[in-house]
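Have a look at the structure below before the remarks.
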Amino acid sequence: MYLKEGCSLLLKVQKPLIPLVLNTNLNVSFLQEAPNPAEIKEFDVVKRLKQESCVPLALHFFKSIANSNMFKHTPLTFEVMIRKLAMDGQVDSVQYLLQQMKLQGFHCSEDLFVSVISVYRQVGLAERAVEMFYRIKEFGCDPSVKIYNHVLDTLLGENRIQMIYTVYRDMKRGGFEPNVFTYNVLLKALCKNNKVDGAQKLLVEMSNKGCSPDAVSYTTVISSMCELGMVKEGRELAERFEPVVSVYNALINGLCKDHDYNGAFELMSEMVKKGISPNVISYSTLINTLCNSGNIELSFSLLGQMLKRGCHPNIHTLSSLVKGCFVRGTSVDALDLWNRMIRGFGLQPNVVAFNTLVQGFCSHENMEKALSVFSHMEENGCSPNIRTYGSLINGFAKSGSLEGAIDVWNKMLTNGCCPNVVVYTSMVQALCRHSKFKEAESLIEIMAKENCAPSVPTFNAFIKGLCDAGRLDWAEKVFRQMEQQYKCPPNIVTYNELLDGLAKANRMEEAYGLTREISMRGVEWSSSTYNTLLHGFCSVGLPGIALQLAAKMMVDGKSPDEITRNMIILAYCKQGKAERAVQMLDQVSCGGKKWRPDVISYTNVIWGLCRCNCREDAVILLERMISEGIVPSIATWNVFVRCFILDDILSP
C-alpha cells in the first residue's frame, strides 16, 4: 500500500514547434521516383502533400522541393499545405506560409481564408483571428459575408460579445447584408449572456429585413428562455411559427427542469397530434428527469411507448434508466437492464454511460462490481476519465478501504490522468478515515504545488477527520492556515465541523467564542450550527443557554427540524420543565412540515418525567408511544429501569 512519490500530477505535453527556417536538404527520394526530376509537376506535388499523413514531414517536403529550384510552388500547392497545417493547428507555420504567398504575389481564396480563421478558433486565439481578418486585403482576398460569419462564430466560441458587436457593425457599414447564419451567431451570443429580450427583438428584425428565422434561430432563443425559467413565454413564442421537434425538445427540457411532468407529457401528445414525431432526445429528456426523481416505473412505461412508436433508445436513454435503477436502490436491476439494452439495441457504451454504472455501484458500496465495470471499460477500449477514477476513490473512501482508494489513485497517475480538486478531496477523506493525517496534510501541499488549489470542501474533510479523532489543536491550526496560507476563507460547514469537535470535547466556552467570530464575519448560521450548539450546551448541563439559542434560531427565521425539537425537549427536561416538553410532543408541525415525534423525542420526555418523579405520567406516555407504533429502544427501557428499580434500591 503506497502513494506514488516523485510523480508530477499535471504533465502538459506540448507539440514540438516546426522550425520556420527553410531546410536546404533536397527530398532525394521523391526526385528519384519522378520520371524526369527536372519536370516536377504541380499534380505530383499536390498528390504527395495530400498523401503524407505526418504534417512535419509534409512541411519538410514542401520546403525542400522549393529549395531544389526544380519546382516553384503555385497557389494550389500553398493552399494544400496551409490546409494541412490548419488541420493540425499549426498557427505560426500557417502565418509563415501566408506571408510567403503574399511575397510571391499569390492571392488567397475565400475558402482558404476561412480555413485560416478556423485555425485560430481551434487554438482559442479569437483576437488574432480578428487581426488577420482586418488584413485580408493584404493577401489579395476581399471580405465576404461568409468570412464575416466565420469570424463572428470564432468570437462566439470565446464569448467575446463586445468584439462580436464591433465586427457586426463593421460588416453592416461595409454594405454586407447579414444572412440567417449571421443572425444565428448573434442570437447565440445574446442568449449565452442571458439577453433574451434582445434576442427576441433580433428575431423581429430578421423577419422585417426579409431574412426568415429558421429552426436554429427559434430553438436557440426558446432554449435560453427555458433555461431562465421562462417556459410559458417560450411556449408563446413557439406558437408564432411552424413547430419543429428541436423547439418542442427545448420546451420539454424546460418543463422537466420545473418538475412539470404533466406539462411535458401534454406537450409530447401535442407533438403527435400535429404530426411531429418525438425523437430520442424528446423521450430521453423526460426519462432522465423521471429517473432522477426515482419514478422508475413511469420511466419504463415511457420507454415502452417510445419503442412502440419505432423510436430506438440511445446510450443517453440507457444511462438515465440505469441511474434511475440505482436511485430506487435496485443495483441488480441496473446491471440486468444494462446487459439487455446493450445486446438488444446494439448500443456502444461510452465513458459517460460506464461512469453512470461505476458511480451507481460505488454509491451502493458494491466496490467489487464497480471494479468489474472499470475493468470491462478498459477491455472494450473505453479509457476511464477523471470522473471514473473519482467515483472509485470516493467509493473506497466511504466504504473504509484506504488500500482500495490508494490502488485506484496510483493507477490513475500511471495512466496519465491528472487528479482534480474533487478527487484530491476524496483522497484526503480516505486518509483521514484511517487517521493518516500527516499524509493528508502532505497531499494538500502537493495540490498547491501542482496548481490545483485546495477548496473549502478539501479543508472541511481534513478538519472533520481531525475533530472526529479528537485532534482539536491540529484542526484549529488547519482552520487558520486555510485562509492565511491558502487564501481559502472558511464557510459555515467549516465552522460547524469545529463546533462539533469542541462540543464533543465539552469545550463549550471555546465553541461560544467561535460563534462570535461567525457572526462578526457575516457568515449565516445553518440548522446544523444551532443543533450542534444545542446538543453541546445540553450535554454540559447548560439547558438555559440551549433554550436561548433556540429562541435566537426562531428570531433568525430558521425553522427547527426534528433534531432541533428533540434538543429543545431535552433542554426543557434538564431544566425540570417536563410539562413543557410534553406540550411540544403535541405540536404537529416542524419546519413547515408535519412533525411526528420519534423514539428519541419520547425517551427524552419520559426521562424528564421520571426525573421529576412523575412515574405515572411516564407510563402513560410509554403506552401512547407504543399505540402510535413507535417501538421503545433500549435507552427507553433503561430510563424505566433506573426510575422504578435502581432509584428504589438506592433510596434509604
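The values are calculated or read from the model by the stated rules, or taken from the named source; none is laboratory data. Keep in mind the model is a prediction, meaning the values are calculated, not measured. No Cβ is skipped: glycine too gets one built from the backbone with ideal geometry, and neighbour counts run over all protein chains shown.
Details
- One residue stands out among those in segment 462-476 that are charged (D, E, K, R) and under 16 Å from residue 514 (Cβ atoms): the one that is farthest from the chain's Cα centre (by Cα), which is 473.
- Of all the criteria given as (1) over 22 Å from residue 463 (Cβ atoms); (2) more than 22 Å from the chain's Cα centre (by Cα); (3) not acidic (Asp, Glu), the one not satisfied by residue 388 is (2).
One line per residue, one yes/no per condition, for (1) closer than 17 Å to residue 162 by Cα; (2) among the hydrophobic types (A, V, I, L, M, F, W, C); (3) loosely packed, with under 14 Cβ neighbours inside 10 Å; (4) at pLDDT 90 or above:
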residue	(1), (2), (3), (4)
194	yes, no, yes, no
201	no, no, yes, no
204	no, yes, yes, no
218	no, no, no, no
229	no, no, yes, no
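- Residue 549 vs. criteria hydrophobic (A, V, I, L, M, F, W, C) and farther than 22 Å from residue 643 by Cα: yes
- Failed condition for residue 479, given (1) assigned to a helix (DSSP H, G or I); (2) under 25 Å from the mean Cα position of the chain (by Cα); (3) over 20 Å from residue 400 (Cα atoms): (2)
- With respect to (1) part of a helix (DSSP H, G or I); (2) under 27 Å from the mean Cα position of the chain (by Cα); (3) within 22 Å of residue 115 (Cα to Cα), the lone exception for residue 168 is condition (2).
- Residue satisfying condition, being over 20 Å from residue 80 (Cα atoms) and among the β-branched types (Val, Ile, Thr), within set 114, 145, 119: 145
- When 583, 548 are checked against the criterion of being free of Cβ contacts under 8 Å to residues at least 12 places away in the same chain, within 45 Å of the chain's Cα centre (by Cα) and not in a loop (DSSP other than H, G, I, E, B), a single residue qualifies: 548.
- Boolean, residue 330 is crowded, with 23+ Cβ neighbours inside 10 Å and either within 18 Å of residue 301 (Cα to Cα) or among the hydroxyl-bearing types (Ser, Thr, Tyr) (or both): no
- Within segment 276-368, helices (runs of 4 or more DSSP H) holding 3 or more residues that are more than 23 Å from the chain's Cα centre (by Cα): 296-308, 331-345
- Restricting segment 122-141 to residues that are surrounded by fewer than 15 Cβ atoms within 10 Å (Cβ to Cβ) and in contact with a helix residue (DSSP H, G or I) (Cβ under 7 Å, 6 or more places away or on another chain), the residue that is nearest to residue 83 (Cα to Cα) is 123.
- Per-region count, segment 126-154, residues in contact with a Cys (Cβ under 9 Å, 6 or more places away or on another chain), under 14 Å from residue 115 (Cβ atoms) and either β-branched (Val, Ile, Thr) or outside any helix (DSSP H, G or I) (or both): 3
- Test set (1) assigned to a helix (DSSP H, G or I); (2) in contact (Cβ under 8 Å) with a residue 24 or more places away in the chain; (3) over 19 Å from residue 333 (Cβ atoms) - residue 378 fails condition number: (2)
- Helices (runs of 4 or more DSSP H) within segment 72-124 that include 3 or more residues under 20 Å from residue 61 (Cβ atoms): 75-87, 91-103
- Residue satisfying all of: in segment 521-540; under 33 Å from the mean Cα position of the chain (by Cα) and assigned to a helix (DSSP H, G or I); surrounded by the fewest Cβ atoms within 10 Å (Cβ to Cβ) among these: 527
- Applying the condition of being part of a loop (DSSP other than H, G, I, E, B) and either of a type outside the set (S, T, N, Q) or touching a strand residue (DSSP E or B) at 6+ places or on another chain (Cβ under 6 Å) (or both) to segment 155-165 and asking which residue is surrounded by the fewest Cβ atoms within 10 Å (Cβ to Cβ) yields 158.
- The listed residue being in a helix (DSSP H, G or I) and over 30 Å from residue 449 (Cα atoms), out of 502, 498: 502
- Some residue of segment 288-296 being of a type outside the set (D, E, K, R), under 30 Å from residue 213 (Cβ atoms) and in contact (Cβ under 8 Å) with a residue 12 or more places away in the chain: yes
- The one condition from (1) surrounded by 14 or more Cβ atoms within 10 Å (Cβ to Cβ); (2) under 19 Å from residue 217 (Cβ atoms); (3) of a type outside the set (Phe, Trp, Tyr); (4) over 26 Å from the mean Cα position of the chain (by Cα) that residue 177 does not meet is (1).
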